[in-house]
Amino acid sequence: FKGGDTCEYLLSSGRFLGEKVWQPHSCMMHKYKNSEAKHCLVDKHIVFIGDSRIRQLFYSFIKLINPQVKEEGNKHGNIPFEEKSASIKVDFLWYPEVNGSMRQCIKSWTEGSVAKPHIIVVGAATWSIKIHNGSNEALTQYKINITSIAPLLEKLAKSSDVYWVLQDPVYEDMLSDSRKMITNEKIDAYNEAAVRILNSSSRNSKAKVKVFSVSKLIAQETIMKSADGLHLPESSRDTNAMILMNVYCNKIMKPIDGSCCQPEPPLTLIQKLAFCFFTLSIIGYLIINLIHRNNFRKNKSCTDLESGEEKKPAISTPNVSTLEMLLQSFCKLGLIMTYFYLCDRANLFMKENKFYTHSSFFIPIVYILVLGVFYTENTKETKVLNREQTDEWKGWMQLVILIYHISGASTFLPVYMHIRVLVAAYLFQTGYGHFSYFWIKGDFGVYRVCQVLFRLNFLVVVLCIVMDRPYQFYYFVPLVTVWFMIIYGTLAIWPQIVQKKANGNCLWHFGLLLKLICLLMCIYFLSYSQGAFEKIFSFWPLSKCFELNGNVYEWWFRWKLDRYVVFHGMLFAFIYLALQKRQMISEGKGDPLFSNRVSNVLLFISIVSFLTYSIWASSCKNKTECNELHPSVSVVQILAFILIRNIPGYVRSVYSSFFAWFGKISLELFICQYHIWLAADTKGILVLIPGYPMFNVLVSTFIFVCVAHEISQITNDLAQIVVPKDNSTLLKRLLCIAGFFSGLLLFSAMQDQSRH
C-alpha cells in the first residue's frame with residue numbers, strides 16, 4: 001500500500017485495456033459528457049501554453065465541452081474559445097519554446113491584481129530540439145529557462161491547478177527530414193531535466209506543479225499510428241484530455257465511477273452511530289464470552305472427594321444463550337461491515353474500470369456450467385419446481401449474473417437481453433413461490449409476513465446505514481419486497497380464497513381468477529400512468545425508500561421493466577396446482593409429465609420457443625425498443641425453460657447440488673457484489689492484488705462468497721430472535737422496529753439538512 005493519492009497515479013501510470021480504453025493504476029476514470037464538463041467548468045478560465053502538441057490537447061479538451069468545434073485557424077498563433085452558456089473560457093497560447101517570452105506570459109499572472117486562470121497546462125521542447133538541431137547547448141539553455149519559470153509556476157500553483165506536460169516519444173521512422181533530429185533520446189533528456197527542476201523547486205513548498213507524465217505511456221502504445229511520427233492519433237489525445245478532466249472535475253462532481261482524485265467521504269452521523277453500535281456489540285460479546293469461560297472453568301467436571309461422584313456443570317439459561325447469539329451475530333456482522341466499508345468507501349483498496357470482451361464473459365460461463373454438471377444428484381421429490389430445482393435455478397442464474405456484472409457485458413446488447421430474462425425469472429419465482437404458499441397453507445398471519453420481510457431486507461437496511469446509500473440503490477430488494485406485499489394483499493383481502501375453500505366449491509376458482517384479473521388491470525394502468533405511480537411512491541415516508549437522486553423515476557423504470565412476470569408466476573402456480581389436484585399430470589420418478597405424445601409435442605414447442613426468443617434477443621439493435629417488448633415476451637423463455645426442465649422424468653429427478661448451494665445464498669450474493677466484489681457501487685472491479693488480474697478475481701471471489709454465506713447464516717439466526725412466533729412478543733418487537741426506523745428517518749433528515 002503506497003498511500004491514497006490516486007491523482008498521482010492518474011497523472012503518471014496506467015495501461016490499456018484493449019486498444020482504446022485507458023486504465024489508470026489503482027483507480028477508475030469517469031467518462032465525462034458535455035453537460036457534466038460544462039457543469040464542472042462553469043465560470044472557469046483554462047489556459048494551454050505550448051507548441052503544436054499542446055494545441056492538439058487544447059482541441060481535444062474543448063471538444064469535451066462542445067463536440068462541434070472544428071480545428072481551424074492560425075496554427076502558429078493564439079486560439080481563443082468561449083462557451084457562453086456556462087461562462088467557460090479556454091485559451092491556447094502559442095509559445096513553442098521554453099524561453100523569455102513564455103516566462104513573461106506566466107509572470108504577468110503572478111503580478112498585481114490580474115485574474116489568474118483556474119487551470120494552466122504547459123509543455124514544450126520539440127521546437128527547441130528542431131531549431132537548434134538537437135545541440136547540447138539548447139538543452140542547457142532549456143534547463144536555465146525552466147529553472148527561471150519554475151518558481152513562477154509554484155506561485156501560481158497556490159491558487160490554480162498547474163500541469164507540466166512531459167514530451168511524448170516520437171516514431172522516428174515516420175519523421176520528415178526536417179524533424180529527424182527529434183529523437184527519443186533527446187526527448188528523454190529534456191523530460192528528465194524538467195522533472196528534476198520542477199521537483200526540486202517544490203521540495204520546500206506546499207504548492208506543487210503537477211507533472212503530466214501519463215501522456216508518455218499512452219504515446220508509447222499509440223505513436224506508431226501517428227500520421228507524421230510526431231503528433232498523437234486522435235484517440236490518444238482524447239484520452240489525455242479525459243484524464244485532465246478527471247484530475248480537475250472528480251473532486252467537484254464526485255462521479256460514482258470516477259474514483260481517481262476523489263477524497264474519502266466523511267462519516268455521516270448515522271455511520272458513526274452504527275460504528276458505536278457494532279463496537280459495543282463486539283465488546284459485549286467478548287465480555288459475555290469471558291464470563292462463560294470463567295464459569296466453565298469454575299464449574300468444570302471434577303470428582304467429589306467425599307462422595308466419589310462426578311459433578312456436572314450448571315446449564316446456562318436460555319435467556320443468556322439468546323443474548324449471546326444476538327451479540328455474536330452483531331459481532332460478526334460488525335467485522336463484515338468494516339470490510340465492506342474498507343473495500344468501497346475508504347481509499348484503501350484499488351478499483352479498476354470494467355472492460356468487456358467475449359472471452360471474459362463466455363469462458364467463465366462454460367466453466368461453471370461444466371462444474372455444475374459434475375455435481376449432479378437425485379432430488380428428494382420429483383414435483384415440478386421442487387425445492388432443490390428452484391435452488392439450482394436461482395444458483396446458476398445468480399452465477400451468470402455475477403459474471404455478467406464483473407465482465408461489463410451490459411455493453412453487449414444480446415447478453416443484456418438474456419440477463420433481463422434471468423432477472424425476470426427471479427421475479428417469476430417470487431410470484432410462483434409466495435402464491436403457492438398462501439394458496440396451499442392459507443397462512444396470512446403477521447409472523448409469516450414479518451419473517452419474509454426481515455429475511456429480504458435485513459442486509460440491505462444495514463448496508464444503507466453503513467455504506468450511506470438509499471434503499472432504492474439496491475433496486476432488486478425493493479422490487480421483490482413490493483411484489484411480495486402485492487401478492488399478500490391480493491390474496492389476503494376479502495374474500496380470502498385458498499385451496500381448501502376452493503376444493504369445496506369450484507366457483508371459488510373463478511373468484512380467484514377475478515382477483516388476478518383485477519391485479520393485472522392495476523398493473524397495466526400503473527405501467528402507462530407514470531404520474532399516478534410517482535404520486536403513490538412520492539408520499540413521505542415512502543419517498544425516503546423509493547427515491548433515487550431526488551425522484552422516483554428509477555423505481556418506476558425498474559418496476560415497469562418486469563411488470564407482468566410476477567403475475568405470470570402467480571397464474572402458472574394456480575394452473576399447475578389445479579392440474580396437480582385433479583391428477584392431470586404425472587410426477588412419479590422417471591415418468592414424463594404428460595402422456596408421451598403430449599410431452600413430445602410440448603417439449604418440441606418449448607425448445608422452438610426458447611430458441612426463437614434467443615434469436616430475437618440476439619438480433620436486438622435498440623435497447624429502448626427491446627426493453628419495451630421485454631415485459632410481454634420474457635415469460636416465453638421462462639415457461640419454455642420450465643417445461644424443458646420438467647417434462648422429461650429423468651431430468652426432473654436430478655439437480656446440481658453445486659448450483660443449489662449458491663441458490664440458497666443468491667440474495668446475499670446479489671447484494672454483497674455491490675461493494676466487496678465489484679467496486680464503486682458496481683461501476684468498477686475491486687482490486688485486492690494489483691498486477692495479477694486472475695489471481696485477484698480468485699481471492700476476492702473466495703472472500704465474497706464466504707462473506708455472503710456468513711451473512712445468510714447471521715440473517716437466519718437473527719430472524720429467529722427478532723421475529724418470534726408468539727404474537728404478543730412479536731407485537732413488542734414490531735413497536736421497537738417502528739421506533740428504530742422513526743429514529744433513522746429523524747437522523748436522515750438531520751443529515752440532509754446539514755448537507756444542504
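When the stretch 19-57 is filtered for residues that are among the hydroxyl-bearing types (Ser, Thr, Tyr) and touching a helix residue (DSSP H, G or I) at 6+ places or on another chain (Cβ under 7 Å), the ones remaining, listed by number, are SER26, TYR32. The numbered conditions (1) over 22 Å from SER281 (Cβ atoms); (2) under 26 Å from the mean Cα position of the chain (by Cα) are all true for ASP726 except (2). Of the residues examined, LEU579 is one that is without any contact (Cβ under 8 Å) to a residue 12 or more places away in the chain and open to solvent by less than 60 Å² (accessible area, probe 1.4 Å).
If the condition is being hydrophobic (A, V, I, L, M, F, W, C) and surrounded by 15 or more Cβ atoms within 10 Å (Cβ to Cβ), then the stretch 699-732 contributes ILE703, PHE704, VAL705, VAL707, ALA708, ILE711, ILE714, LEU718, ALA719, VAL722, VAL723, LEU730. The set of residues in the stretch 387-431 that are without any contact (Cβ under 8 Å) to a residue 24 or more places away in the chain and assigned to a loop (DSSP other than H, G, I, E, B) is empty. The numbered conditions (1) over 21 Å from VAL423 (Cβ atoms); (2) surrounded by fewer than 18 Cβ atoms within 10 Å (Cβ to Cβ) are all true for PHE557 except (1).
Scanning the stretch 639-679 for residues that are part of a loop (DSSP other than H, G, I, E, B) and in contact (Cβ under 8 Å) with a residue 60 or more places away in the chain returns SER653, TRP677. On the stretch given as the stretch 582-597, residues that are open to solvent by less than 50 Å² (accessible area, probe 1.4 Å) and either under 22 Å from LEU507 (Cα atoms) or among the hydrophobic types (A, V, I, L, M, F, W, C) (or both) total 2. Among residues of the stretch 525-541 being without any contact (Cβ under 8 Å) to a residue 24 or more places away in the chain, of a type outside the set (A, V, I, L, M, F, W, C) and open to solvent by 40 Å² or more (accessible area, probe 1.4 Å), the one that is farthest from TRP555 (Cα to Cα) is TYR528.
Selection of the stretch 248-273 for residues being in contact with a helix residue (DSSP H, G or I) (Cβ under 6 Å, 6 or more places away or on another chain) and modelled with pLDDT under 95 yields ILE252, MET253, GLY258, CYS260, CYS261, GLN262, THR268, LEU269, ILE270. Screening ILE419, ILE440, ILE487 for residues that are open to solvent by 30 Å² or more (accessible area, probe 1.4 Å) and β-branched (Val, Ile, Thr) leaves exactly one candidate, ILE440. Among the residues of this structure, VAL566 does not count as one that is open to solvent by less than 40 Å² (accessible area, probe 1.4 Å), of a type in the set (Val, Ile, Thr), at pLDDT 90 or above and farther than 30 Å from THR382 by Cβ. Given the criteria assigned to a helix (DSSP H, G or I), open to solvent by less than 40 Å² (accessible area, probe 1.4 Å) and of a type in the set (Gly, Ala, Ser), does ALA150 qualify? So ALA150 fits the description; yes. Looking only at residues of the stretch 121-147 that are open to solvent by less than 30 Å² (accessible area, probe 1.4 Å) and among the hydroxyl-bearing types (Ser, Thr, Tyr), we find that the one that is nearest to LEU232 (Cα to Cα) is THR126.
Take TRP94 and tell me if it is of a type in the set (Phe, Trp, Tyr), touching an Asp or Glu at 6+ places or on another chain (Cβ under 9 Å) and modelled with pLDDT under 95. Here the answer is no, as TRP94 does not meet what is asked. Between residues in the stretch 446-461 that are under 15 Å from LEU731 (Cα atoms) and residues that are of a type in the set (A, V, I, L, M, F, W, C) and open to solvent by 30 Å² or more (accessible area, probe 1.4 Å), which pairs lie under 7 Å by C-beta distance while being six or more apart or on different chains? From residues that are under 15 Å from LEU731 (Cα atoms), the pairs are PHE454/VAL722. The single residue among ASN133, ASN191, ASN145, ASN199 that is out of contact with any helix residue (DSSP H, G or I) (no Cβ under 8 Å at 6 or more places or on another chain), in a helix (DSSP H, G or I) and of a type outside the set (Val, Ile, Thr) turns out to be ASN199.
The sole residue among PRO690, PRO648 that is open to solvent by 20 Å² or more (accessible area, probe 1.4 Å) and touching a strand residue (DSSP E or B) at 6+ places or on another chain (Cβ under 6 Å) is PRO690. Do you know which residues across the stretch 235-288 are touching a Ser or Thr at 6+ places or on another chain (Cβ under 6 Å) and assigned to a helix (DSSP H, G or I)? Passing the criteria: SER236, ARG237, ASP238, ASN240, ALA241. Would you confirm whether or not the stretch 543-550 contains a residue that is in a helix (DSSP H, G or I), of a type outside the set (S, T, N, Q), crowded, with 16+ Cβ neighbours inside 10 Å and touching a Phe, Trp or Tyr at 6+ places or on another chain (Cβ under 7 Å)? The answer is yes, given that some residue of the stretch 543-550 is in a helix (DSSP H, G or I), of a type outside the set (S, T, N, Q), crowded, with 16+ Cβ neighbours inside 10 Å and touching a Phe, Trp or Tyr at 6+ places or on another chain (Cβ under 7 Å). Taking the stated definitions as given, is LYS89 at pLDDT 95 or above, outside any loop (DSSP other than H, G, I, E, B), open to solvent by 60 Å² or more (accessible area, probe 1.4 Å) and not small (Gly, Ala, Ser)? It is true that LYS89 is at pLDDT 95 or above, outside any loop (DSSP other than H, G, I, E, B), open to solvent by 60 Å² or more (accessible area, probe 1.4 Å) and not small (Gly, Ala, Ser). On inspection, GLY229 does not qualify as buried (at least 17 other Cβ atoms within 10 Å of the Cβ), part of a loop (DSSP other than H, G, I, E, B), small (Gly, Ala, Ser) and not assigned by the TED database to the domain that holds LEU152. Sort out which residues of the stretch 314-331 are closer than 16 Å to ARG293 by Cα, in a helix (DSSP H, G or I) and at pLDDT below 85, and write them in order of number. Residues satisfying the conditions are VAL320, SER321.
Would you say SER614 is open to solvent by less than 80 Å² (accessible area, probe 1.4 Å) and under 29 Å from SER410 (Cβ atoms)? Judged against the criteria, SER614 is a match.
The values are calculated or read from the model by the stated rules, or taken from the named source; none is laboratory data. What you see is a predicted model; the values in this text were computed from it and never measured. So basically every Cβ, Gly included, is an ideal-geometry build from the backbone, and we count neighbours across all protein chains shown. Each accessible area value is taken on the protein alone, full model and side chains, heavy atoms only, with ligands, DNA and RNA left out. Shrake-Rupley method; radii C 1.70, N 1.55, O 1.52, S 1.80 Å.
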